[in-house]
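Here the structure comes first, spelled out in structure tokens, and everything after it is commentary.
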Amino acid sequence: MPDVIHARPEELPRKHWNLHEPYEYYRRILVPPGAAERTAAALYELPPGKAGFPYHYHLKNEESYYILSGHGVLRTPAGERPVCAGAFLFFPAGENGAHKLTNTSDNEMLVYLDFDVTHDLEVAVYPDSGKLGIWGKGLSELYKRDDAVEYYDGE
């Protein structure tokens, strides 16, 4: 049986990701990998003008965000809308849960808690770039959807 986790975010390691414009974030993992079977939780900080991830949706995982401070714009299939501290956002699995959160501030971080229901094998779809991401069970791979082949191709 796993242990209870009691964490103070400011005491956890703060990882910085800045691999591609205009995406950048800082993350503190609240529920470490392996500590739970179906739950992930992290604290994210998006610098001014940055998004954490491209527009995407998951086929199985569900995500929930609670914005602690700052403001930004949320893109969903229904369009864009402003969001700010105190907003709760839920993204169901599937196309209707597609989302992208961007900090629209000129000088303050957008800080949010990310709570996810996870699965041991997951696929994410990136509609803007036509990619599929596959994670879990030893896989961490991205593919262009237009590279799809027939089931028996190469067999």
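The values are calculated or read from the model by the stated rules, or taken from the named source; none is laboratory data. Remember, it's a predicted structure, so these values are computed and weren't measured experimentally. FYI the Cβ positions are ideal-geometry reconstructions off the backbone, even for glycines, and counts take in every protein chain you see. Surface areas here come from the heavy atoms of the whole protein model, side chains and all, with no ligands, DNA or RNA. Shrake-Rupley method; radii C 1.70, N 1.55, O 1.52, S 1.80 Å.
Picking from residues in region 28-43 that are out of contact with any Leu (no Cβ under 8 Å at 6 or more places or on another chain) and not small (Gly, Ala, Ser), the one that is surrounded by the most Cβ atoms within 10 Å (Cβ to Cβ) is VAL31. Against the test of being in contact with a strand residue (DSSP E or B) (Cβ under 8 Å, 6 or more places away or on another chain), open to solvent by 40 Å² or more (accessible area, probe 1.4 Å), at pLDDT 95 or above and on the phi < 0 side of the Ramachandran plot, the options PRO92, PRO77 yield a single qualifying residue, PRO92. When the criteria are applied in full, SER129 fails the requirement of being within 21 Å of TYR23 (Cβ to Cβ) and open to solvent by 50 Å² or more (accessible area, probe 1.4 Å).
Yes or no: region 133-149 includes at least one residue that is over 23 Å from HIS16 (Cβ atoms), touching an Asp or Glu at 6+ places or on another chain (Cβ under 9 Å) and modelled with pLDDT under 95. Yes, region 133-149 contains a residue that is over 23 Å from HIS16 (Cβ atoms), touching an Asp or Glu at 6+ places or on another chain (Cβ under 9 Å) and modelled with pLDDT under 95. When residues in region 1-27 are screened for being farther than 21 Å from ASN103 by Cβ and either open to solvent by 60 Å² or more (accessible area, probe 1.4 Å) or among the aromatic types (Phe, Trp, Tyr) (or both), 9 of them pass. Considering only residues in region 9-21 that are assigned to a loop (DSSP other than H, G, I, E, B) and modelled with pLDDT of 95 or more, the one that is nearest to HIS56 (Cα to Cα) turns out to be ARG14. Condition check for ASN61 on (1) in contact with a strand residue (DSSP E or B) (Cβ under 8 Å, 6 or more places away or on another chain); (2) open to solvent by 30 Å² or more (accessible area, probe 1.4 Å): one failure, at (2).
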